[in-house]
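**Q** Here's a structure for you.
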Amino acid sequence: MPKPAKSMLSAETPATGRLHAPYARADIEALVARHGSPLMVVDCDRIRGQYRALKAALPGVDLHYALKPLPDPVVVATLKGEGAFFDLASSGEVDLVRAAQVAPERCIHTHPIKRDGDIRDALRFGVRIFVADNADEIGKFIRHRKRVEVLLRVAFGTSDAVCDLSKKFGCEPAAVPALLRVAAQMGVRVVGLSFHAGSQAASPDMHVRAIAASGGMIEAGRAAGHADLAVLDIGGGFPVDYLEPAMPIEEFCAPIRAALAALPPNLRIIAEPGRFIAAPAGTCVSTVIGRAVRDGRQWYYLDDGIYGSFSGQLFDHARYRIESLRTDGERRPSVLAGPTCDSIDVVIEDLPLPPLEIGDLIVGRDMGAYCSAGATDFNFIRRARVLPINREPADATVVTLVPR
Ligand SMILES: *Cc1c(COP(=O)(O)O)cnc(C)c1O
């Protein structure tokens, strides 16, 4: 079993006590004075609030937090405290939930393509439910078949989501009956279907279509003798506000609830929200470390950039709400650039900003998902520190792990 690389207590709640977003300028300055810059401030109250909002919008659906957008031990501990379930895709993520003492029965492993080592790591922890989308992958479970239950991941074509997750993974709907037969011949138990409608979905249309189609496939599968079909996993995709606002979650989920109500009986429904829980909880704080005027334009250089927290602009195609804490003075279109020597490391080219001083702070809102998770240490510049605030005392001790 891998050992934690190092053990430490994460930062405690700052002296200012509980902070409520959008934080006051003095609060953010106090955090930086105490913990340094750059920071990714993660508000555990907001993690809890998002979890509860989605739970209320999807009653009866087990919410498995997908660790990928913000694989942080404090987030895991916070959600564990809410009674959440978890969605894992790597052995490092298995380590994270194990260190947080999450019960393995509350976890599923949803990576469709796995090495035997990945399967064994998850099994050793106690995970039982895995995902596969082709005969090779089902075959990898033959040797583990007594202990494993499989969900078949189905791809339902392109969606209106910002990130399509049906191109790389998922079998065609028409392939499901044959895969159910293949699995039965191999002695591997298929207990249900899963899909991912794409991340940051613009509308619930894809979820609704996929739920209805999955219901039909489950009914047909049961009729063909696959009596184990008892789970439908409706994936993630639940959207959040960035520069463009998203559909409110209650409105987004209303048609999904209606589609779920029309499913065949005796189905456990699960979802795998990642972004919706993590994004609004994260506030990126960086510092102006240099200035220049180039071609008549004002440039500000920050200690965080495209290779750091703003990697989400590349990998996740997101556009964040960015502002300076200083608000006095006439605004001019300004360039914000990151700290590396690479010329692509430009965060934004035309942000109206007042005249800034070296040491001034820049804040990015709703940056909890797919930002610090995609950050690198390029140029050997350390990525932003994840600083959890508003933790519950019960989550006090958190083990820090490195990925593997
Ligand atoms: C990334 C991912 C998620 C989370 O998706 P969001 O759109 O962030 O909610 C859930 N399930 C799987 C299999 C994923 O790959």
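Readers should treat all values here as calculations from the given coordinates under stated rules, not as data from a laboratory. In this text the structure is predicted, and so the values were computed from the model without any measurement. For neighbour counting, all protein chains shown are included, and Cβ atoms are generated from backbone atoms with ideal geometry for every residue, glycine included.
**Q** Which values, in whole Å and largest first, are the semi-axes of the equivalent ellipsoid of the range 210-293 obtained as the square root of 5 times each eigenvalue of the Cα gyration tensor?
**A** Whole-Å semi-axes of the equivalent ellipsoid: 41, 14, 10.
**Q** What list of ³J(HN,Hα) couplings, whole Hz, do you get for the range 347-353 from phi and the Karplus terms 6.51, -1.76, 1.60, once you set θ to phi - 60° and write x for glycine and proline?
**A** After applying 6.51 cos²θ - 1.76 cosθ + 1.60, I find 7, 7, 9, 9, 7, x, 10 Hz.
**Q** HIS317 to ALA24: extension gain in nm, 0.36 nm per residue of separation minus the Cα-Cα distance?
**A** 102.6 nm
**Q** Just the Cα atoms of the range 46-278: what Rg and Dmax do they give in Å?
**A** Computed over the Cα atoms of the range 46-278, radius of gyration and Dmax are 16.6, 51 Å.
**Q** For LYS55, LYS114, which order do you get if you count the other beta carbons within 10 Å of each Cβ and list the fewest first?
**A** Least crowded to most crowded, the residues run LYS55, LYS114.
**Q** Same structure, new question: At 0.36 nm per residue, and after removing the present C-alpha to C-alpha distance, how many nm does the segment from HIS35 to ASN266 gain when stretched out fully?
**A** Contour length minus Cα-Cα distance gives 78.1 nm.
**Q** Separation of the range 134-196 and the range 343-375 by C-alpha centroid, Å?
**A** 40 Å
**Q** Where does the charge balance sit around PRO280 when Lys and Arg score +1, Asp and Glu -1, over other residues with C-beta under 10 Å from its C-beta?
**A** Net of charged neighbours comes to 0.
**Q** Something else: So how tilted is helix 44-57 from the main axis of the chain? Cα-based, degrees 0 to 90, rounded to 10.
**A** Taking the Cα atoms of the chain, the angle to 44-57 is about 40 degrees.
**Q** Evaluate the relative contact order of the range 46-278 (contact order divided by residue number), counting alpha-carbon pairs under 8 angstrom at least 6 apart; express in whole percent.
**A** 21 percent
**Q** Hey, another quick one. Considering only LEU180, TYR242, ALA161, whose Cα is most displaced toward the positive end of the charge dipole of the range 157-267, charges sitting on Cβ of Lys, Arg (+1) and Asp, Glu (-1)?
**A** LEU180
**Q** Taking neighbour Cβ counts within 10 Å as the exposure measure, how do ILE389, ILE256 sort from fewest upward?
**A** Ordered by Cβ neighbours within 10 Å, fewest first: ILE256, ILE389.
**Q** In 10 Å bins starting at zero, report the fraction of Cα pairs in the chain per bin as a rounded %.
**A** 5, 22, 30, 24, 13, 5, 1, 0
**Q** Measuring from a point 7 Å past the Cα of LYS168 along Cα-to-C-beta, which residues in the range 191-211 have an amide N at less than 12 Å?
**A** The answer is 199, whose backbone nitrogens lie closer than 12 Å to the label point.
**Q** Efficiency by 1/(1 + (r/R0)^6): what FRET value for ARG147 and GLU250, r their Cβ-Cβ distance, R0 = 41 Å, to the nearest 0.05?
**A** 0.55
**Q** Let me ask something additional. Under the Karplus relation 6.51 cos²θ - 1.76 cosθ + 1.60, θ = phi - 60°, what is the ordered set of whole-Hz ³J(HN,Hα) values for the range 88-94, x standing for Gly and Pro?
**A** For the range 88-94, the Karplus-derived couplings read 10, 9, 8, 5, x, 5, 4 Hz, x marking Gly and Pro.
**Q** Still on this structure, I have one more. In debye, nearest 20: dipole of the chain around its Cα centre with unit charges on the Cβ of K, R (+) and D, E (-)?
**A** 1340 debye
**Q** Mind giving me the nanometre distance, one decimal, between the label points for ILE358 and ARG106, set 7 Å out from Cα along Cα→Cβ?
**A** Going by the 7 Å Cα→Cβ label model, 4.8 nm.
**Q** Quick one: Karplus J couplings for the range 115-122, per residue in order, coefficients 6.51, -1.76, 1.60, θ = phi - 60°, nearest Hz, x for Gly and Pro?
**A** So the Karplus estimates, Gly and Pro as x, are 7, 4, x, 5, 5, 5, 4, 5 Hz.
**Q** I would also like to ask the following. Please report the antiparallel percentage of the DSSP beta bridges confined to the chain, to the nearest 5.
**A** So the antiparallel bridges amount to about 40 percent of the total.
**Q** Expressed as a rounded percentage, what relative contact order does the range 198-333 have, with Cα pairs under 8 Å and six or more residues apart?
**A** Reported relative contact order: 24 percent.
**Q** Could you list which residues have their amide H under 5 Å from that of ALA246, counting only those 5 or more apart in sequence or on another chain, with H placed in the peptide plane?
**A** ASP241
**Q** Still on this model: Please arrange CYS253, CYS163, CYS371 by counting, for each residue, the other beta carbons lying within 10 Å of its beta carbon, fewest first.
**A** CYS163, CYS253, CYS371
**Q** With +1 on each Lys and Arg Cβ and -1 on each Asp and Glu Cβ, how big is the dipole of the range 46-278 about its Cα centre, in debye rounded to the nearest 20?
**A** It works out to roughly 820 debye.
**Q** How high is the relative contact order of the chain, in percent, with contacts defined as C-alpha pairs under 8 Å that are six or more residues apart?
**A** It rounds to 23 percent for the chain.
**Q** Net charge near ILE256: determine it from the other residues with C-beta under 15 Å of the C-beta of ILE256, scoring Lys and Arg +1 and Asp and Glu -1.
**A** Overall, the nearby charge balance is -4.
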